[in-house]
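In what follows, a structure is listed as structure tokens, so that the remarks can point back to it.
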Amino acid sequence: NPETPSVLSVLVLEDLARAIYLPLIAALLVGGGPATMARSVAIAILVVLSVLFIAVRYGSKISGFTAGQSDEIILLTVLGVVLLVSGVAQRFQVSSAIGAFLVGIAVSGPIAEQSHRLFAPLRDLFAATFFFFFGLQIDPATLPHALSVAIGLGLVTALTKVLTGYWATGRDAGRQARLRAGAALIARGEFSIVIAGLGVALEPRLGPLSAAYVLFTAILGP
């Protein structure tokens with residue numbers, strides 16, 4: 001679809017913004033002052049920019065190093081790099097998910113196609129496991145109490161997402177495609193749960209609220 005590149009661009013920018021947002025929230029949760037928060041955000045920006053620079057400048061060379069190798073070599077190499085970069089990112093208080101995401105940006109060409117084929121089953125397995133684990137922490141009896149707030153929040157963010165998609169695809173598509181782009185952005189997923197999970201320690205009601213919110217937008221989006 002003509003709007004697909006714009007939708008992907010918005011999603012990528014959201015993920016990069018979270019690389020700054022998550023360290024800021026983490027510093028707030030531990031009671032850090034302005035200097036602590038500024039240091040955390042500065043480290044996050046430096047790490048993200050460094051990985052992006054390597055991805056843009058040397059991504060094709062890195063991908064070419066293992067291209068054409070056996071499935072076993074590619075599987076172990078990519079998994080090792082993902083674990084290494086994610087661990088470094090987590091060590092510097094940047095989300096490990098952001099680190100893995102940046103590795104995905106760096107991988108290109110044939111190795112990207114091979115990695116997609118090899119890791120698709122793991123993606124589905126771990127995604128299901130993630131939501132299963134989150135579900136274990138939610139008492140279904142608490143969901144109805146959060147439903148009205150979740151629906152209100154979902155309607156507000158759905159409107160802003162539609163406007164964002166409509167504006168972002170203004171130069172590339174017609175009116176129907178622009179509306180499709182906005183609708184595609186409505187559903188919220190695992191990062192909403194991750195962010196809410198950080199605040200559960202201070203406000204337990206964020207857990208049921210985020211669960212109800214994600215369920216509502218998951219239904220509303222389609």
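Share of carbon and sulfur in the accessible area of the chain stands at 72%, probe radius 1.4 Å.
Work through the residues other than Gln114 whose Cβ is under 14 Å from its Cβ and net out their charges, Lys, Arg +1 and Asp, Glu -1. Mind showing how you got there, number by number?
Values: positive: Arg117; negative: Asp71, Glu72, Glu113.
Local charge sum for Gln114: -2.
Is the C-alpha gyration tensor of the range 92-222 telling us rounded, prolate or oblate? Criteria: a/c under 1.5 is rounded; beyond that, a/b larger than b/c is prolate, otherwise oblate. Because a/c hits 1.5 or more and a/b fails to exceed b/c, the range 92-222 counts as oblate. Taking all Cα pairs closer than 8 Å and separated by 6 or more residues, the relative contact order of the chain comes to 23 percent. Remark: spin-label model distance Glu203-Ala141 equals 2.4 nm, labels positioned 7 Å along the Cα→Cβ axis.
Packing, as the average of other Cβ atoms within 10 Å across residues, places the peptides 3-12, 206-215 in the order 206-215, 3-12, highest first. Rounded to the nearest 0.05, the FRET efficiency derived from the C-beta distance between Arg91 and Leu179 at R0 = 45 Å is 0.60.
Taking the helices alone, the chain has a mean residue ellipticity at 222 nm of -27500 deg cm²/dmol, built from -39,500 (n - 2.57) per DSSP H run of at least 4 residues and averaged over all its residues.
With the charge dipole of the chain set up from +1 on Lys and Arg Cβ and -1 on Asp and Glu Cβ about the Cα centre, the Cα lying farthest toward the positive end among the listed residues Ile111, Phe126, Leu46 is that of Leu46. Couplings 3J(HN,Hα) for the range 162-168, derived from phi with the Karplus relation 6.51 cos²θ - 1.76 cosθ + 1.60 (θ = phi - 60°), are 4, 5, 5, x, 5, 6, 5 Hz, where x marks Gly and Pro. Surface analysis of the range 165-215 yields an accessible area of 54 Å² per residue, using protein heavy atoms and a 1.4 Å probe. For Arg117, the solvent-accessible surface computed with a 1.4 Å probe is close to 130 Å², ligands and nucleic acids excluded.
How far, in nm, would the chain grow between Thr129 and Arg39 when pulled straight, counting 0.36 nm per residue and subtracting the alpha carbon separation?
Stretched fully, the Thr129-Arg39 segment lengthens by 29.0 nm.
Among Phe92, Phe133, Phe101, the residue with the largest mean-square fluctuation in a Gaussian network model of the chain, with springs joining Cα atoms closer than 10 Å, is Phe133.
Taking a ≥ b ≥ c as the square roots of the eigenvalues of the alpha carbon gyration tensor, the range 122-183 is oblate, as a/c is not under 1.5 and a/b does not beat b/c.
Karplus-derived 3J(HN,Hα) values for the range 43-53, using 6.51 cos²θ - 1.76 cosθ + 1.60 with θ = phi - 60°, are 5, 4, 5, 4, 5, 4, 5, 5, 5, 5, 4 Hz; glycine and proline are entered as x. Computed over the range 113-222, relative contact order equals 31 percent, with contacts defined as Cα pairs under 8 Å that lie 6+ residues apart. At an R0 of 25 angstrom, the distance between the Cβ atoms of Val56 and His116 translates into a FRET efficiency of 0.80. Rounded to the nearest 20, the Cβ-based charge dipole of the chain about its Cα centre (Lys and Arg +1, Asp and Glu -1) stands at 500 debye.
The values are calculated or read from the model by the stated rules, or taken from the named source; none is laboratory data. What you see is a predicted model; the values in this text were computed from it and never measured. We place every Cβ from the backbone using ideal geometry, glycine too, and count neighbours over all the protein chains shown. Note: accessible area is taken over every heavy atom of the protein model, side chains too, but ligands, DNA and RNA are not part of it. Shrake-Rupley method; radii C 1.70, N 1.55, O 1.52, S 1.80 Å.
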